[in-house]
1. Pick from 545, 553: which is within 30 Å of residue 654 (Cα to Cα) and more than 51 Å from the chain's Cα centre (by Cα)?
2. May I ask you to list the residues in segment 51-80 that are farther than 30 Å from residue 3 by Cβ, modelled with pLDDT under 85 and assigned to a helix (DSSP H, G or I)?
3. Output yes when any residue across segment 129-136 is more than 30 Å from residue 218 (Cα to Cα), at pLDDT 85 or above and part of a helix (DSSP H, G or I), and no when none is.
4. Which residues, taken from segment 21-47, are surrounded by 16 or more Cβ atoms within 10 Å (Cβ to Cβ) and assigned to a loop (DSSP other than H, G, I, E, B)?
5. For the list (1) within 29 Å of residue 688 (Cβ to Cβ); (2) assigned to a helix (DSSP H, G or I); (3) free of Cβ contacts under 8 Å to residues at least 12 places away in the same chain, I need the number of the one condition that residue 611 fails.
6. From the residues in segment 497-519 that are assigned to a helix (DSSP H, G or I) and either free of Cβ contacts under 8 Å to residues at least 60 places away in the same chain or closer than 15 Å to residue 375 by Cβ (or both), which one is nearest to the chain's Cα centre (by Cα)?
7. Looking at the structure I just gave you, is residue 158 in a loop (DSSP other than H, G, I, E, B) and touching a residue at least 60 places away in the same chain (Cβ under 8 Å)?
8. For segment 1-13, which positions are under 17 Å from residue 61 (Cα atoms) and surrounded by fewer than 16 Cβ atoms within 10 Å (Cβ to Cβ)?
């Protein structure tokens, strides 16, 4: 199949898929068919229930199989669908009109959309006010009351007597079968002796009654055990996910005192969305204990006489309203089993216990979840949307205004990839990948995928980050090096920049923090790479401007100026006046157009450089601008600055190996994080270049260009084992 698929991770067309493709990675490049159904361009190639896929484009067909773990986890898919449903409701709901005499409401669709928490909080909301007729709660109450009756039925089931004919010794025969004489006449081996009066049999074909447990009522009981086990597992997963969210809230609340106050304010705002729910952890733990006890009792029923009897039919399907048999009406145990069945049927119907999310729907939903993370991360960095509509796939661009009058543009392509740009230049590309890379304990899928990413390192173009559904528990099970690779923006990789990997799920609250870290690096690193900004300047104006802009303008070379710090409005106005005066000088008519173009380019260059420095003069942690532009100190092509508000230090450093300048942030939390393999997942906007976790020297950062840190290859006692050993770096 020629160029039939689009690889979202690398942004390239491919001829064919690998033997076991990743879920959501590949899409059709044009209209075709997926799994036998018509599909538009950018439709993801997803597995069927059997794990196979087929795709056709332009009359040519390809097919194959997905990996075992490609199908989405039902709990993850359901929670993603819950977040997507909340986003759809927020986009469609009408804004209520303001009360009489009050100013008109200014709430936009984007504001309602971004207000949706990136967490599946449906269970939390349910626990806050459980109605008396809640079907899930009623089912659990019925299990508390009637599970012992189901145990009694499984251990001592009723059975009907089924007459069966068989050949038995004469002493055991109680009732002859109708064909007993005919059978005896044809089987002389069963005769004991003959006499003149007839035959004395040794064995006789007789009727005996066998107990038959395959009753309608017993079939219901056996299937009810399976249904209740599935319900309890569904309930356990939801409760554990909710407990994880509440635990995250408690942990984040405990970190507020150790962070700068503006960073604490950002976290407090996030926690404040769930302020009325954090006290539910005790209730959740109580429900978890009850659920686990139910699971233990149900597991024991799998060893009972009735459940292990293979004579009981398991393929029959029963409606929610069981037939009113005599046993279901009058038998004290079976009557309660029928009531338990009806409670389960009601919960299954109303709570969606048997609902499943198709792989294609999950892929689309995860794309929207990642878009929500990006929008929330922009909000955490102080950016405000100036366009009213919500981010949608293939929709119009969204404009955001942030610190330093920075304007960013967010665009979601038809393939679901999110691109963030400034002045027409892409800063960051975020690729949703709904395949659980770390779910497999062997991490084989992650190993292979990391190898693909390393082979596809973007030597040019904006940074790319792949967001996948991974949890902290899964990351802890990985080897240290692979754990660091599975949670990286791509700026701390051995050998230089690469495609980053960020885990994020609707059940963990720090997905926004990870995305904030990626956006922080993208927006600041692009500016820091241009420090100090250079402005092309006519040679006869260099000396005059550097004298006028003494302290912030200097000569870079014979054709360029360098701006070391942002000028004040008065300083910039003075230089603009000098440029305007130079523009008005009399020149020959043949050079007039060129002279004016040079003046315009110089003015534009000065203001562009000033805008870049103004963005760098804003604290990346709390967003506050330096009170005095002279607080941005230039030295040997790098700069440092200290925030008077949160006391964070930021600036650029020069790599001793490759000479690349890169931005860093020095905070109290980072200074105490030395020696930890991965300590970056929750730092959010408090991190730019990543501290090296194996360097013996403090304050060493990994160069994003060469992947080595400041403790490598220099003075005795300061060599970094991670950077010196090629095996460690790779």
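The values are calculated or read from the model by the stated rules, or taken from the named source; none is laboratory data. What you see is a predicted model, and the numbers here were worked out from it, not measured in a lab. With ideal geometry, Cβ positions are generated from the backbone for all residues, glycine too; neighbour counts draw on all protein chains shown.
1. When all the criteria are applied, what remains is 545.
2. 74, 75, 76, 77, 78, 79
3. The answer is no, given that none of the residues of segment 129-136 is more than 30 Å from residue 218 (Cα to Cα), at pLDDT 85 or above and part of a helix (DSSP H, G or I).
4. Residues satisfying the conditions are 21, 22, 23, 24, 25, 29, 35, 42, 43, 45, 46, 47.
5. (3)
6. That would be 511.
7. So residue 158 passes the test.
8. Those that are under 17 Å from residue 61 (Cα atoms) and surrounded by fewer than 16 Cβ atoms within 10 Å (Cβ to Cβ): 2, 3, 13.
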